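Bear in mind these aren't lab numbers, they're just calculated from the coordinates by the rules spelled out. Being a predicted model, the structure only gives us computed values, none of them experimental. Positions of Cβ are generated from backbone atoms using ideal geometry, with glycine treated the same way; all protein chains shown enter the neighbour counts.
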Amino acid sequence: MKKDILEKGAIIQRDKETYAIAPHIPGGITNPAQLRKIADVADKYQAQSLKITSAQRIAIIGFDEGHLDAIWEDLGEKPGAAIGLCVRSVKICPGTTYCKRGQQDSVKVGLEMDDRYHGLELPWKFKMGVSGCINDCAEGCIKDVALIGTPKGWNLMVGGNGGAQPRLSHKLVEHVPTDEQALALVDHLVNWFKKQDRRCRLGKFIEEMGIDAFREEALRDFGG
Ligand code: SF4
């Protein structure tokens, strides 16, 4: 029976015959040339559909397995980490780059996080979000780690997830004043999670420990 092909980012479809892939589009920020290329590949290999995903990617859906290598070669792009135990995605809102309500530069910080962590192997699947203000259009409320912009910096949110046991994130640190400090905190948390030998979402740790004990434990060695 056909299965997902993890190393090629290919997901078996409901028909158990055809596959879908989703090229990595950091922050969902694309351009006409990339869109044309994706559309041309979908046409050439007779994909059934293109779908805009919740992880800000464009999935090419429903093509034959035999075309998989040629599709990646034509695209000249890397797979998005849509499956596997790793950092799956960093969802980014338009922030101060484009949005009139933006209070922090979510595009700059989010793309930096994408560059550092996208696809990084961790004990369990892990999602991130960066929103430029408390409207939280990148849905940091349901991400394992998220930064949400405020007039005074960033709120660091932890432990949110969707899925069968949804959890809303908790505010771990309020008003982190600079991008660098916010990124250092994210880095510390990712490394803390990496060292855990339990396989579960970050939110499960927080559920069991309580947010205050988690803060104490996870940030104990944080040097800033
Ligand atoms: S979260 Fe705030 S800055 Fe980002 S798109 Fe929404 S309203 Fe704009």
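Within the chain, DSSP assigns beta bridges of which about 70% are antiparallel (rounded to the nearest 5). Across the chain the C-alpha pair distances fall into 10 Å bins from zero in the proportions 8, 32, 32, 20, 8, 0 percent. Annotation: aspartates and glutamates with alpha-carbon distance below 15 angstrom to Lys91 (same-chain offsets under eight excluded): Asp105, Glu112, Asp114, Asp115, Asp136, Glu139, Asp144.
Think of it this way: in the chain, Cys86, Cys99, Cys133, Cys141, Cys200 stand alone, with no other Cys Cβ under 4.7 Å.
Computed from the C-beta positions of Asp69 and Arg198 and an R0 of 41 Å, the FRET efficiency is 0.65 to the nearest 0.05. Annotation note: GluC sites (Glu not before Pro) in region 1-77 located in DSSP loop regions with a Cβ neighbour count of at most 11 within 10 Å are Glu17. Computed from phi, the 3J(HN,Hα) profile of region 78-84 under the Karplus parametrisation 6.51, -1.76, 1.60 (θ = phi - 60°) reads 8, x, x, 7, 7, 9, x Hz, with x in place of Gly and Pro. Annotation for region 46-126: trypsin sites (Lys or Arg not before Pro) lying in DSSP loop with at most 13 further Cβ atoms inside 10 Å of their Cβ are Lys100. Kirkwood's formula applied to the C-alpha pairs of region 83-172 gives a hydrodynamic radius of 12.8 angstrom.
Across region 6-75, C-alpha contacts under 8 Å between residues 6 or more apart give a mean separation that, scaled by the residue count, equals a relative contact order of 36 percent. Cross-link pairs exceeding 30 Å between alpha carbons, from the set Lys37/Lys127; Lys51/Lys152; Lys51/Lys171; Lys51/Lys195; Lys16/Lys194: Lys51/Lys152; Lys51/Lys171; Lys51/Lys195; Lys16/Lys194.
The stretch between Leu35 and Glu180, if pulled fully straight at 0.36 nm per residue, gains 49.0 nm over its current Cα-Cα span. In this structure, the amide hydrogen of Val173, modeled 1.01 Å from its nitrogen in the peptide plane, lies closer than 5 angstrom to those of Leu156, counting only residues at least 5 positions away or on a different chain. Annotation note: trypsin sites (Lys or Arg not before Pro) in region 132-215 located in DSSP loop regions with a Cβ neighbour count of at most 10 within 10 Å are Arg198. Using Cα pairs closer than 8 Å and at least 6 residues apart in sequence, work out the relative contact order for the chain, in percent. About 13 percent, as a whole number. Among Ala82, Ala184, Ala55, the largest mean-square fluctuation in a Gaussian network model of the chain, built with springs joining Cα atoms closer than 10 Å, belongs to Ala184. Normalised by the number of residues in region 87-218, the mean separation of alpha-carbon contacts (under 8 Å, six or more apart) gives a relative contact order of 20 percent. Here the sum of -39500 (n - 2.57) over DSSP H runs of 4 or more residues, divided by the residues of the chain, equals -9000 deg cm²/dmol at 222 nm, to the nearest 500.
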